[in-house]
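Asker: After the structure tokens below, expect a handful of questions from me.
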Amino acid sequence: MSSHPLIAAAAELRQSLDGLTFGAPVSHVYQPLDYAWECHSRYLERFASTRKKVLFLGMNPGPNGMAQTGVPFGEIAAVRDWMGLEMPIGQPPQPHPKRPIQGFSCPKSEVSGRRLWGLFAQHFPRADDFFRDHFVANYCPLVWMSTTGANITPDKISAAEMRPVEEACLNHLRQVIAALKPQFLIGVGAFAEQRLRLAAPDFAGTIGKILHPSPASPAANRDWAGTAQKQLIETGAWPASLIF
């Protein structure tokens, strides 16, 4: 067991989720904490070893982001060029033929990750400067896919099948909050904000959200960065002076 609290917590989460099964419409499940563990643990080791002011929380991996790199919202260019992380990525036990894991060779862009990390890189050209006070985590590390390869979000899976997932993920989220001791908990989207409130009902700081950067959201496609910046200022997570 690692002495790093978040690496140990992630290992516990991975073990808790191994072996779970899901019925239709789910046909395949990817667990990046297994086949992309080295990159995920390196992300934690490098960027989650100190107390943070702001914790951002996403929902679960995107097929071209964390599913490929092991890093939340893991747009390949951001992880490789901005964070300086790049290493071989393994394979899930049963790859979906329409969702290959190509790691850092994946030619597709994770739009949500490109928008999120792009905003942070705009204000913090050096990743270390961003991670000095901020960290980005995902609530659940599982990727669910249908027979067609379509991404299935947690809210589309039966409550009974999600119960052990929710229990493990909420426990992990509490460990992340306890380790990082943030002043602000910011959900990337409403689902993540709800999970933050469930995990930390007595949180002494501020819990809020920003618009999810998914291209499936018409609002996100209009001016996601501008909206997110305004929301961060309104919650107090970012000072108005940071915006230029």
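Asker: Does Thr153 satisfy the criteria of being of a type in the set (Val, Ile, Thr) and modelled with pLDDT of 95 or more?
Answerer: So Thr153 does not fit the description; no.
Asker: For segment 218-244, give me each residue that is closer than 24 Å to Asn60 by Cα and touching a helix residue (DSSP H, G or I) at 6+ places or on another chain (Cβ under 8 Å).
Answerer: Ala219, Ala220, Trp224, Ala225, Thr227, Ala228, Gln229
Asker: Within the set of pairs 6 or more residues apart or between chains, which connect a residue that is hydrophobic (A, V, I, L, M, F, W, C) inside segment 1-22 to a residue that is modelled with pLDDT under 95 and in a loop (DSSP other than H, G, I, E, B) with Cβ atoms less than 6 Å apart?
Answerer: Ala8/Met1; Ala8/Ser2
Asker: For Gln194, only one of the following conditions fails: (1) part of a helix (DSSP H, G or I); (2) at pLDDT below 95. What is its number?
Answerer: Of (1) part of a helix (DSSP H, G or I); (2) at pLDDT below 95, only one is false for Gln194: (2).
Asker: Further question: Out of (1) surrounded by 24 or more Cβ atoms within 10 Å (Cβ to Cβ); (2) under 23 Å from Asp223 (Cβ atoms), what's the single condition that is false for Gly118?
Answerer: Only one criterion in (1) surrounded by 24 or more Cβ atoms within 10 Å (Cβ to Cβ); (2) under 23 Å from Asp223 (Cβ atoms) is unmet by Gly118, namely (1).
Asker: Out of everything in segment 13-34 that is among the hydrophobic types (A, V, I, L, M, F, W, C) and surrounded by 16 or more Cβ atoms within 10 Å (Cβ to Cβ), what residue ends up being farthest from Val176 (Cα to Cα)? Don't jump to the end; show me each part of the working.
Answerer: From segment 13-34, those among the hydrophobic types (A, V, I, L, M, F, W, C) are 13, 17, 20, 22, 24, 26, 29, 33; that's our starting set.
Among the residues that remain, those that are also surrounded by 16 or more Cβ atoms within 10 Å (Cβ to Cβ) are: 13, 17, 22, 26, 29, 33.
Working: Leu13: 11, Leu17: 17, Phe22: 26, Val26: 28, Val29: 24, Leu33: 16 Å.
Among those residues, the one meeting the criterion is Val26.
Asker: Looking only at segment 147-199, filter to residues that are closer than 27 Å to Ala24 by Cα and among the basic types (Lys, Arg); which one of those is surrounded by the fewest Cβ atoms within 10 Å (Cβ to Cβ)?
Answerer: Arg163
Asker: Is at least one residue of segment 128-144 out of contact with any Cys (no Cβ under 7 Å at 6 or more places or on another chain), of a type in the set (Ser, Thr, Tyr) and either within 27 Å of Trp82 (Cα to Cα) or surrounded by fewer than 20 Cβ atoms within 10 Å (Cβ to Cβ) (or both)?
Answerer: Pass one, segment 128-144, residues out of contact with any Cys (no Cβ under 7 Å at 6 or more places or on another chain): 128-138, 141-144.
Add one more test, that the residue is of a type in the set (Ser, Thr, Tyr), and what stays is none.
Checking segment 128-144: not a single residue is out of contact with any Cys (no Cβ under 7 Å at 6 or more places or on another chain), of a type in the set (Ser, Thr, Tyr) and either within 27 Å of Trp82 (Cα to Cα) or surrounded by fewer than 20 Cβ atoms within 10 Å (Cβ to Cβ) (or both).
Asker: Next question. Within segment 158-168, is even one residue more than 19 Å from Arg14 (Cα to Cα), not in a helix (DSSP H, G or I) and not charged (D, E, K, R)?
Answerer: Checked against the condition, which is being more than 19 Å from Arg14 (Cα to Cα), not in a helix (DSSP H, G or I) and not charged (D, E, K, R), segment 158-168 yields at least one hit.
Asker: Which condition does Ser214 not pass, out of (1) within 16 Å of the chain's Cα centre (by Cα); (2) at pLDDT below 95; (3) of a type in the set (Gly, Ala, Ser); (4) part of a helix (DSSP H, G or I), if it passes all the others?
Answerer: (4)
Asker: Every residue in segment 17-74 that is within 28 Å of Ala160 (Cα to Cα), part of a helix (DSSP H, G or I) and small (Gly, Ala, Ser), please.
Answerer: Ala67
Asker: Considering segment 75-123 alone, what residues qualify as being in a helix (DSSP H, G or I) and over 30 Å from Ala237 (Cβ atoms)?
Answerer: Within segment 75-123, Gly103, Phe104, Ser105 meet the criteria.
Asker: Kindly list, by first and then second residue, each pair from a residue in segment 76-101 that is farther than 18 Å from Phe131 by Cβ to a residue that is modelled with pLDDT of 95 or more and surrounded by fewer than 18 Cβ atoms within 10 Å (Cβ to Cβ), limited to pairs with Cβ atoms under 6 Å and residues at least 6 apart or on different chains.
Answerer: From residues that are farther than 18 Å from Phe131 by Cβ, the pairs are Ile76/Phe104; Met87/Glu38; Ile101/Gln91.
The values are calculated or read from the model by the stated rules, or taken from the named source; none is laboratory data. As the structure is a computational prediction, the values presented were derived from the model and not from experiment. With ideal geometry, Cβ positions are generated from the backbone for all residues, glycine too; neighbour counts draw on all protein chains shown.
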